[in-house]
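Each remark here refers to the structure printed beneath this line.
The values are calculated or read from the model by the stated rules, or taken from the named source; none is laboratory data. Everything numeric here is computed off the predicted structure, so don't read it as measured data. Every residue, glycine among them, receives a Cβ derived from its backbone with ideal geometry; neighbour counts consider all protein chains shown. Remember, those area values only see protein heavy atoms, side chains included, never the ligands or the DNA or RNA. Shrake-Rupley method; radii C 1.70, N 1.55, O 1.52, S 1.80 Å.
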Amino acid sequence: MNSVAATPGPFSFDPASTALLIIDMQRDFCEPGGFGETLGNDVSLLREVIPPLQTVLAAARAAGLPVIHTREGHLPDLSDCPPAKRDRGEPALRIGDAGPNGRILIRGEYGHDIIDELSPLPGELVIDKPGKGAFFGTDLGAALAALGITSLIVTGVTTEVCVHTTVREANDRGYECLVLADCVGSYFPEFQRVGLAMIAAQGGIFGWVAPSHALLACLALEEIPS
Ligand code: TIU
């Protein structure tokens with residue numbers, strides 16, 4: 001077992017049953033002209049996550065951890081998009097409308113895909129999800145079971161929306177989740193701080209939180225031949 005210095009205490013994991021989960025690092029959230037910006041957000045805040053996440057992704061690949069990417073989005077006919085999700089608020093463009101990167105949050109469009117900096121490698125799982133949580137309406141649970149995964153290193157965006165929902169879903173299903181504080185991002189600095197605090201409070205009510213360097217130190221030790 002490996003042990004990462006985390007909050008509220010050490011996060012122990014077996015690399016053989018641990019995967020890196022990268023949530024929704026899509027152009028629609030991280031680049032101008034997409035879903036995140038249409039909601040009125042400053043997407044540049046999410047870009048801080050990219051360099052540390054690139055380092056973690058490279059380390060996970062080198063250590064042989066399975067890497068699983070997710071993408072939030074909907075079918076072109078919007079049949080999997082609840083009307084309330086499309087109709088709520090006063091966004092500049094709604095889900096399915098034509099934007100500069102293609103139709104907003106629609107599978108197959110340029111804006112829906114993962115940013116170039118974190119492109120999946122052939123063979124890495126990409127889970128398309130209609131909701132905020134990565135388990136709802138997907139075969140993520142079956143895929144993790146097939147791989148024998150019981151622990152998840154969780155990264156991506158946004159901390160208080162899709163990361164939180166996914167970690168809560170995973171925790172209820174019995175997965176142990178370590179959220180990397182500098183590899184998850186929010187459009188709201190206050191939500192970033194409180195979102196991370198909520199996970200680790202009450203003795204780690206639904207997960208653990210650590211900086212990425214704590215995981216990297218652990219994976220580096222793992223690679224030293226004994
Ligand atoms: N708006 C927002 O903060 N997030 C989302 O809509 N989806 C994800 O977090 N991926």
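Screening L78 on (1) more than 14 Å from the ligand (Cβ to nearest atom); (2) of a type outside the set (K, R); (3) open to solvent by less than 10 Å² (accessible area, probe 1.4 Å) shows it passes everything except condition (3).
Counting only helices (runs of 4 or more DSSP H) that sit completely within segment 138-225, those holding 3 or more residues that are more than 16 Å from the ligand (Cβ to nearest atom) correspond to 140-147, 189-204, 212-223.
Does R71 meet the test of being of a type outside the set (G, A, S), open to solvent by less than 70 Å² (accessible area, probe 1.4 Å) and part of a strand (DSSP E or B)? Answer is yes for this residue. Within segment 155-178, residues that are touching a residue at least 12 places away in the same chain (Cβ under 8 Å) and small (G, A, S) have Cβ atoms under 6 Å from residues that are within 13 Å of the ligand (Cβ to nearest atom) and assigned to a strand (DSSP E or B) in these pairs: G156/I22; G156/I23, counting only partners at least 6 apart in sequence or on another chain. A single member of R94, R86 is within 16 Å of the ligand (Cβ to nearest atom), over 22 Å from T166 (Cα atoms) and in contact with a Lys or Arg (Cβ under 6 Å, 6 or more places away or on another chain), and it is R94. Considering the conditions (1) assigned to a helix (DSSP H, G or I); (2) within 12 Å of the ligand (Cβ to nearest atom), A16 is excluded by exactly one of them, (2). Within segment 89-116, the residues that satisfy the criterion of being under 27 Å from P66 (Cβ atoms), open to solvent by 70 Å² or more (accessible area, probe 1.4 Å) and not in a loop (DSSP other than H, G, I, E, B) are Y110, D116.
Restricting segment 118-146 to residues that are touching a residue at least 40 places away in the same chain (Cβ under 8 Å) and loosely packed, with under 15 Cβ neighbours inside 10 Å leaves a set whose member that is farthest from H74 (Cα to Cα) is L121. Here R47 fits the description: more than 12 Å from the ligand (Cβ to nearest atom) and either outside any loop (DSSP other than H, G, I, E, B) or hydroxyl-bearing (S, T, Y) (or both).
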